[in-house]
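Trainee: This is the structure I have questions about; it appears just below.
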Amino acid sequence: MNIEYYLKRDYIRNLISQGKRADGRGLNELRPLTITKGYVDDKACGSAYVKLGNTEVIVGISMGVGEPYPDSPTSGVMSTSVEFRPIAHPNFEAGPPQPESIEVARVIDRGIRESGSIDLDKLFIEEDKIWLVFIDIHILNHDGNLIDAGGIASIAALLDCRMPKYENGRPVRGEWAGKLPMTCTPVPFTFGKVGPTIIMDATADEEYAIDARLTVTTSDTLNAMQKGGTGSFTGDEIKSCVEQAFKRAPPIKAIIEG
Amino acid sequence: MNNLQDRTIVLPGQLLGEKIRCENNCVTEGDKSYALVKGLARVDRNMVSLIPMNGPYLPKAGDVVIGVIDVDFGGIYSVDINSAYKCILKPMREDGRGGGRGQRGGRGRDRGRDEEPAPENLKVGDVLSAKIAYVDEVREAKLTGPRLLENGCIIYVRPLRVPRIIGKQKSMINIIREKTKSNIAVGQNGLIWISGGNMQLAVDAIRKVEAEAHTSGLTDRMMEFLTSRSNV
Amino acid sequence: MDGRRFDELRPIKMKVGVLKNVQGSAYVEWGKNKVVAGVFGPREMHPKRLQNPTEATVRLTYNMAAFSVDDRKRPGPDRRSVEISKISSEALTGVVQVHHYPNAAIDVFVEVLQADAGTRCVGLTAASLALADAGIPMKDLVVACAAGKVDDEVVLDLMKEEDNFGQCDLPMAIVPRTGEVVLLQQDGKLTQEEFNKAFDMAYQGCLKVYELQKKALLNGEAQQ
């Protein structure tokens, strides 16, 4: 129902121009975050359920055996996909991934890949055989900031992930041999621009009012950035967002690793 | 004959009684009547009426609803009221002409208001409140008496909670209006428009009534809640 | 195989009203299955040419998450999911009072987060709870349960290992108040006598789950 866009946009823009937010948060304040690792631990190698405010996301990690890319014959392969399930929001339709969900998947993927957080070199099995790591993000309830919620859930699920036992050329389901080798914990932060004001962790309503967004993913270095939306950022705004991202990462990192 | 206690919560498929009269949300097969939804059963001798806990809004003649214009057919507008069913608005022109059909099902004493000229320059995206003049057999509603609602915000509540939010003789909504000094328009379809005054308090108050609608002593609690928050 | 009696159900937990953006919802854990169901509707039906002017169309979409099974399942509907969606929609259509809402659509989405045999039964049971939570009028709840045959023995509610090595699978859904069977499938080898035994066992299993559904709707959650 596109009624939502008309109803919320002006009200939210007015509030934010006064420095206020509909739920009373500060412009840079995040909503309460809870992470439950191993939410579906029977079939998935690793999993995590994340609640960020009312946004709910579940990520499952599946592992399989496959062929390496020709240019990196001893490295494992990772792949990230996002499903905007219809139950998450009345505007989500069942069907092949739309550009919005593909962008979310690729932005989350970039943060994980570029930081080298999965130690892909340790995923070599034998000649022409490496481990495939599938990160599948299932959005259960959309109340904004799917990139950060999905990204945080993905890392938590990866940290939770067990390596399947490997015997006679195949993975043995239901039996495990250690954990997925991880090197660091990348944390994404998405900044939204409403007029001249920048907010963090937008709700679904606030996303109707946002002109442009910037996702910054950091570990000990800056690993991935993505600007989205039809508006624009100034150079200073971007630098300030990057600084914020580095500053705000440690407590989130602690929750993810905890 | 029925053994159902007044104020029992019933589930779909539950037997309400035999040889009773049941008003709505129930089905009678032979002598027996069964509930169709989860709800509160009010029993009065041989009559059972079922108040559903949840359910969609269905347009009804006489209801005031709030909606957004989503299509402009050149003078005739389709209004989205967040229901499975569309509403059509055919505003009257200044000279009182225009709008082909008469008002079937409208109440006589409202005729003055229904024939008020519509605001000019209605466009897609405009938020308005209007009254449902009548509903046809495929549940499409014809609207009349549109009033443009500008600025403010709209929240959505479960349509079935609207009567509690309005209160007996508008008692509840008037307390909220008074204490927040906000303009509030309530649509039977569950959309509520709030503008001016302490909007955040109005939203919080309405959400509180929505959440606690089935409890007793709510009016007093709301009075207390609003008074404490509005003096801050 | 897991120490249960032949006619014993796996442990079940149900919760109603778990999602915020839908009209009604439910979450069911049944054995190792974890399934969530959400309902939108009645709402405007698209595509318009499929609208039915005399009644609403009930559409259940069954979907398995990629990580719900041992070997990752590619996202998107496969033929099995399409078939399950179809027969589940048909099971519900007989029970939902569709003539109340001409031209509209009632959309039910079943998401399997973790699968361990019998997901179509868990899904339909959860869908029924979600519909009741949404206030959609139904002549009764729909409840589903499966029976099967393992090692020549007729048993109730197969778990995955039993399903993999089993000789027959018989999922079934009923309308308890009227005794109507609205979903039934069978694959494998059964003698007529074994079928009668399996049918009765599944039917009784359904009735037990029905009691749990009612408790869950009244109290918000239930478990056995």
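Trainee: I'm trying to understand the selection: among the residues of region A:69-116, which are within 9 Å of chain C (Cβ to nearest Cβ), among the small types (Gly, Ala, Ser), closer than 16 Å to A:HIS142 by Cα and not in a loop (DSSP other than H, G, I, E, B)?
Mentor: Across region A:69-116, the qualifying residue is only A:ALA88.
Trainee: Just to be sure I understand the filter: pairs with C-beta atoms under 6 Å, separated by 6 or more residues or on different chains, first member in region A:139-154 and within 12 Å of chain C (Cβ to nearest Cβ), second member part of a helix (DSSP H, G or I) and surrounded by fewer than 24 Cβ atoms within 10 Å (Cβ to Cβ). Which pairs pass?
Mentor: Hits for this filter: A:HIS142/A:ALA204; A:ASP143/A:ALA204; A:GLY144/A:ALA204; A:GLY144/A:GLU207.
Trainee: Does A:GLU237 meet the test of being more than 15 Å from the chain's Cα centre (by Cα) and either in a strand (DSSP E or B) or within 28 Å of A:TYR11 (Cα to Cα) (or both)?
Mentor: Details: more than 15 Å from the chain's Cα centre (by Cα): yes; either in a strand (DSSP E or B) or within 28 Å of A:TYR11 (Cα to Cα) (or both): yes.
For A:GLU237, the condition - more than 15 Å from the chain's Cα centre (by Cα) and either in a strand (DSSP E or B) or within 28 Å of A:TYR11 (Cα to Cα) (or both) - is met.
Trainee: Still on this structure, please answer the following. Within region B:64-90, how many residues turn out to be of a type in the set (Asp, Glu) and either in the same structural domain as B:ILE192 (by TED's automatic domain parsing) or in contact with a Lys or Arg (Cβ under 7 Å, 6 or more places away or on another chain) (or both)? It would help to see each step written out before you state the result.
Mentor: Residues of region B:64-90 that are of a type in the set (Asp, Glu), as a first pass: B:70, B:72, B:80.
Going one step further and asking which of them are either in the same structural domain as B:ILE192 (by TED's automatic domain parsing) or in contact with a Lys or Arg (Cβ under 7 Å, 6 or more places away or on another chain) (or both), we end up with B:72.
Within region B:64-90, residues that are of a type in the set (Asp, Glu) and either in the same structural domain as B:ILE192 (by TED's automatic domain parsing) or in contact with a Lys or Arg (Cβ under 7 Å, 6 or more places away or on another chain) (or both) number 1.
Trainee: Restricting to region C:94-117, name every residue that is of a type in the set (A, V, I, L, M) and either farther than 18 Å from B:LEU36 by Cα or surrounded by 23 or more Cβ atoms within 10 Å (Cβ to Cβ) (or both).
Mentor: Keep residues of region C:94-117 that are of a type in the set (A, V, I, L, M), which gives C:95-96, C:98, C:104-106, C:108, C:110, C:112-113, C:115, C:117.
Passing the criteria: C:VAL95, C:VAL96, C:ALA104, C:ALA105, C:ILE106, C:VAL108, C:VAL110, C:VAL112, C:LEU113, C:ALA115, C:ALA117.
Trainee: Residue by residue through region B:197-229, note down the ones that are assigned to a loop (DSSP other than H, G, I, E, B) and either within 12 Å of another protein chain (Cβ to nearest Cβ) or farther than 19 Å from A:ASP10 by Cα (or both). Talk me through it step by step, then tell me what you get.
Mentor: Start the filter on region B:197-229 by keeping residues that are assigned to a loop (DSSP other than H, G, I, E, B), which leaves B:197-198, B:212-217.
B:GLU212, B:ALA213, B:HIS214, B:THR215, B:SER216, B:GLY217, listed by residue number.
Trainee: Give me the pairs, please: first residue somewhere in region A:82-99 and free of Cβ contacts under 8 Å to residues at least 60 places away in the same chain, second residue anywhere and part of a helix (DSSP H, G or I) and crowded, with 22+ Cβ neighbours inside 10 Å, beta-carbon distance under 6 Å, and either six or more positions apart or on two chains.
Mentor: A:PHE92/A:PRO86; A:ALA94/A:PRO86
Trainee: Would you be able to say whether some residue in region C:46-54 is surrounded by 20 or more Cβ atoms within 10 Å (Cβ to Cβ) and over 22 Å from C:CYS121 (Cβ atoms)? Break it down into steps so the answer makes sense when it comes.
Mentor: Restricting attention to region C:46-54, the residues satisfying the condition of being surrounded by 20 or more Cβ atoms within 10 Å (Cβ to Cβ) are none.
Within region C:46-54, not a single residue is surrounded by 20 or more Cβ atoms within 10 Å (Cβ to Cβ) and over 22 Å from C:CYS121 (Cβ atoms).
Trainee: Residues being among the basic types (Lys, Arg) and within 14 Å of chain C (Cβ to nearest Cβ): count how many of those fall in region B:8-33.
Mentor: Initially, region B:8-33 is screened for residues among the basic types (Lys, Arg), giving B:19, B:21, B:32.
Still in the list and also within 14 Å of chain C (Cβ to nearest Cβ): B:32.
The number of residues fulfilling the criteria is 1.
Trainee: Continuing with this model, one more query. Which fully enclosed strands (runs of 3 or more DSSP E) of region C:98-195 have 3 or more residues being touching a residue at least 24 places away in the same chain (Cβ under 8 Å) and more than 14 Å from every other protein chain (Cβ to nearest Cβ)?
Mentor: Values: elements: C:104-114, C:143-150, C:153-156, C:168-175, C:180-184.
Those strands (runs of 3 or more DSSP E) span C:143-150, C:153-156, C:168-175.
Trainee: Could you figure out which of (1) part of a helix (DSSP H, G or I); (2) away from chain B (no Cβ under 12 Å) isn't true of C:TYR210?
Mentor: (2)
Trainee: OK, next. Got at least one residue in region A:172-180 being in contact with a helix residue (DSSP H, G or I) (Cβ under 7 Å, 6 or more places away or on another chain) and at pLDDT 90 or above?
Mentor: Of all residues in region A:172-180, those in contact with a helix residue (DSSP H, G or I) (Cβ under 7 Å, 6 or more places away or on another chain) come to A:180.
Within this subset, residues satisfying the condition of being at pLDDT 90 or above are A:180.
Scanning region A:172-180, I find at least one residue that is in contact with a helix residue (DSSP H, G or I) (Cβ under 7 Å, 6 or more places away or on another chain) and at pLDDT 90 or above, so the answer is yes.
Trainee: Of the residues that sit in region A:53-67 and are β-branched (Val, Ile, Thr) and either closer than 14 Å to A:SER154 by Cα or at the interface with chain C (Cβ under 8 Å from one of its Cβ atoms) (or both), which one is farthest from the chain's Cα centre (by Cα)?
Mentor: Going through region A:53-67, the residues β-branched (Val, Ile, Thr) turn out to be A:55, A:57-59, A:61, A:65.
Imposing the further condition that a residue be either closer than 14 Å to A:SER154 by Cα or at the interface with chain C (Cβ under 8 Å from one of its Cβ atoms) (or both) reduces the set to A:57-59, A:61.
Details: A:VAL57: 9, A:ILE58: 11, A:VAL59: 9, A:ILE61: 13 Å.
For region A:53-67, the residue satisfying everything is A:ILE61.
Trainee: Something else about it: Looking at (1) outside any strand (DSSP E or B); (2) within 10 Å of chain A (Cβ to nearest Cβ); (3) farther than 23 Å from B:ALA211 by Cβ, which is the one condition that is false for C:ARG43?
Mentor: The single condition C:ARG43 does not satisfy is (1).
Trainee: With the checklist (1) more than 9 Å from every other protein chain (Cβ to nearest Cβ); (2) farther than 26 Å from C:ILE174 by Cα in hand, flag the one item C:ASP70 doesn't pass.
Mentor: Unmet for C:ASP70, out of (1) more than 9 Å from every other protein chain (Cβ to nearest Cβ); (2) farther than 26 Å from C:ILE174 by Cα: (1).
Trainee: Mind checking which residues of region A:34-52 are surrounded by fewer than 22 Cβ atoms within 10 Å (Cβ to Cβ), away from chain C (no Cβ under 13 Å) and out of contact with any Asp or Glu (no Cβ under 9 Å at 6 or more places or on another chain)?
Mentor: Listed by number, the list holds a single entry, A:THR34.
Trainee: Here's a follow-up. Within region B:34-81, can you find the residues that are farther than 29 Å from B:CYS22 by Cβ and surrounded by 23 or more Cβ atoms within 10 Å (Cβ to Cβ)? Show your work before the answer.
Mentor: Start the filter on region B:34-81 by keeping residues that are farther than 29 Å from B:CYS22 by Cβ, which leaves B:66-80.
B:ILE66, B:GLY67, B:VAL68, B:TYR77, B:VAL79 - these are the residues of region B:34-81 that are farther than 29 Å from B:CYS22 by Cβ and surrounded by 23 or more Cβ atoms within 10 Å (Cβ to Cβ).
Trainee: Right, C:ALA91: more than 14 Å from chain B (Cβ to nearest Cβ), closer than 19 Å to C:ALA146 by Cα, in contact (Cβ under 8 Å) with a residue 24 or more places away in the chain and in contact with a strand residue (DSSP E or B) (Cβ under 8 Å, 6 or more places away or on another chain) or not?
Mentor: Values: more than 14 Å from chain B (Cβ to nearest Cβ): yes; closer than 19 Å to C:ALA146 by Cα: yes; in contact (Cβ under 8 Å) with a residue 24 or more places away in the chain: yes; in contact with a strand residue (DSSP E or B) (Cβ under 8 Å, 6 or more places away or on another chain): yes.
Yes.
Let's see how each residue does on (1) hydroxyl-bearing (Ser, Thr, Tyr); (2) within 11 Å of chain A (Cβ to nearest Cβ); (3) in a loop (DSSP other than H, G, I, E, B):
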| site | (1), (2), (3) |
| --- | --- |
| C:GLY3 | no, no, yes |
| C:GLU8 | no, no, yes |
| C:MET14 | no, no, no |
| C:LYS20 | no, yes, yes |
| C:SER25 | yes, yes, no |
| C:GLU29 | no, yes, no |
| C:LYS34 | no, yes, no |
| C:VAL39 | no, yes, no |
| C:THR54 | yes, no, yes |
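Trainee: Quick test of your reading of the structure: B:MET222 fulfils all but one of (1) under 24 Å from B:LYS131 (Cα atoms); (2) touching a helix residue (DSSP H, G or I) at 6+ places or on another chain (Cβ under 7 Å); (3) of a type outside the set (Phe, Trp, Tyr); (4) without any contact (Cβ under 8 Å) to a residue 60 or more places away in the chain. Name the failing condition by number.
Mentor: (1)
Trainee: Here's something else I'd like to know. Which residues, counting only those in region A:10-33, are without any contact (Cβ under 8 Å) to a residue 24 or more places away in the chain, facing another protein chain (nearest Cβ under 9 Å) and assigned to a loop (DSSP other than H, G, I, E, B)?
Mentor: Selection gives A:LYS20, A:GLY24.
Trainee: Here's something else I'd like to know. For region A:180-234, which positions are farther than 19 Å from A:VAL107 by Cα, assigned to a loop (DSSP other than H, G, I, E, B) and hydrophobic (A, V, I, L, M, F, W, C)?
Mentor: Result: A:LEU180, single match.
Trainee: Given B:GLN188, B:GLN169, which one is outside any strand (DSSP E or B), among the polar types (S, T, N, Q) and either closer than 30 Å to C:ASN52 by Cα or in contact with a Cys (Cβ under 7 Å, 6 or more places away or on another chain) (or both)?
Mentor: On the way: B:GLN169 fails: either closer than 30 Å to C:ASN52 by Cα or in contact with a Cys (Cβ under 7 Å, 6 or more places away or on another chain) (or both).
None of the others qualify; the one that does is B:GLN188.
Trainee: Against the condition free of Cβ contacts under 8 Å to residues at least 60 places away in the same chain and touching a strand residue (DSSP E or B) at 6+ places or on another chain (Cβ under 7 Å), how does A:GLY178 come out, does it pass? Before you say what the answer is, go through the steps one by one.
Mentor: On the way: free of Cβ contacts under 8 Å to residues at least 60 places away in the same chain: yes; touching a strand residue (DSSP E or B) at 6+ places or on another chain (Cβ under 7 Å): yes.
So A:GLY178 fits the description; yes.
Trainee: Any chance you could count how many residues in region B:155-203 are touching a residue at least 60 places away in the same chain (Cβ under 8 Å) and under 18 Å from B:PRO56 (Cβ atoms)?
Mentor: Taking region B:155-203 as the starting set, the residues that turn out to be touching a residue at least 60 places away in the same chain (Cβ under 8 Å) are B:156, B:158-160, B:185-193.
This time we only want the ones that are under 18 Å from B:PRO56 (Cβ atoms), so: B:156, B:158-160, B:186-192.
Matching residues across region B:155-203 total 11.
Trainee: Residue by residue through region B:128-147, note down the ones that are within 14 Å of another protein chain (Cβ to nearest Cβ) and under 15 Å from B:ILE76 (Cα atoms).
Mentor: Filtering region B:128-147 for residues within 14 Å of another protein chain (Cβ to nearest Cβ) gives B:128-129, B:135-141.
Within region B:128-147, B:LEU128, B:GLU140, B:ALA141 meet the criteria.
The values are calculated or read from the model by the stated rules, or taken from the named source; none is laboratory data. Just so we're clear, the structure is a prediction, and the values are computed from it rather than from any experiment. Glycine also receives a Cβ, built like all others from the backbone with ideal geometry; neighbour counts cover every protein chain displayed.
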